[in-house]
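What follows draws every value from the coordinates through simple rules; no lab data is involved. Because the structure is predicted, anything quoted here is derived from the model rather than measured. Here Cβ is always computed from backbone atoms with ideal geometry, including for glycine, and neighbour counts include all displayed protein chains.
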Amino acid sequence: MIIALDGPAASGKGTLGKRIAAHYGFHCLDTGLLYRAVTLALLDRGLRLHDMWAAVALARALDPNRLEDLDLRRADVGEGASVVAKIPEVRAALLEYQRAFAARSPGAVLDGRDIATVVCPTADVKIFVTATPEARAKRRFLEYQARGLEATEADVLALIKARDARDSGRANAPLRKADDAILLDTTELDIDAAFDVAVGLIKRKIGR
Ligand code: CDP
């Protein structure tokens, strides 16, 4: 059983993915962490984000069991990840692990940008989680504030819009809603409400 959640930055898909996985007793993979891990490894070595050979080597050497590093959550790592994620060879290097993860029993929830379109095109349930850029910027701003990071809401909104453009505009595996994905707009929903709607959608698909 595979549940694919795709959507733009700060749409709530990560939190939603964890809640859905816990609810059904499924495995959960935040695929953004894979791209973030490659990015952090480049940054830590003082390498350029466009260094294709280094990025591919680091992607191939990635230990997916070590995605707990709090530095992966850094804002600069998220921004960098959307640059590194444009490299087709990096995406290819990370594909097999994601597909093997998706096949885990009794089921898996994967969240990202291209799960329903590229990684698991035959997923049992496909949900595209979105919200207006303003609502997403507000969430990320509050998240940064809670972590004691300095930023204005306007700065965060500009970054979100730039990231949306990069993720949707790239040639390889761009962020887009799969034709057969269900749209879940969380602009007006808090996480509990979004979870309830998502479980309702899943129930309609898989009967539980
Ligand atoms: O948490 P947030 O939404 O800020 O970002 P993320 O999900 O951790 O992803 C960071 C970046 O990795 C995204 O902006 C994408 O460019 C890239 N990514 C991707 O290309 N494909 C995925 N399946 C997941 C993330």
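Structure summary
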item	result
Failed criterion for residue 175 (all others in (1) touching a Gly at 6+ places or on another chain (Cβ under 9 Å); (2) without any contact (Cβ under 8 Å) to a residue 40 or more places away in the chain hold)	(2)
Conditions (1) of a type outside the set (A, V, I, L, M, F, W, C); (2) buried (at least 22 other Cβ atoms within 10 Å of the Cβ); (3) over 18 Å from the mean Cα position of the chain (by Cα): number failed by residue 45	(2)
Unique residue being surrounded by fewer than 20 Cβ atoms within 10 Å (Cβ to Cβ) and not aliphatic (A, V, I, L, M) when the list is 163, 147	147
Residue that is surrounded by the most Cβ atoms within 10 Å (Cβ to Cβ) [pool: residues in region 75-90 that are among the small types (Gly, Ala, Ser) and near the ligand (Cβ under 8 Å from one of its atoms)]	85
Tally of residues being more than 12 Å from the ligand (Cβ to nearest atom) and either touching a Pro at 6+ places or on another chain (Cβ under 8 Å) or farther than 26 Å from residue 125 by Cα (or both) across region 135-170	17
Filter pass, residue 129 being buried (at least 22 other Cβ atoms within 10 Å of the Cβ), outside any helix (DSSP H, G or I) and not small (Gly, Ala, Ser)	yes
When residues of region 18-33 are limited to those that are more than 7 Å from the ligand (Cβ to nearest atom) and within 17 Å of residue 103 (Cβ to Cβ), the one surrounded by the most Cβ atoms within 10 Å (Cβ to Cβ)	29
Enumeration of residues in region 1-14 that are more than 10 Å from the ligand (Cβ to nearest atom) and assigned to a helix (DSSP H, G or I)	none
Candidate set from region 114-123 (those that are assigned to a loop (DSSP other than H, G, I, E, B) and under 15 Å from residue 28 (Cα atoms)); member that is farthest from the chain's Cα centre (by Cα)	123
Residue within region 91-113 that is more than 30 Å from residue 46 (Cβ to Cβ), within 12 Å of the ligand (Cβ to nearest atom), not in a helix (DSSP H, G or I) and not small (Gly, Ala, Ser) present	yes
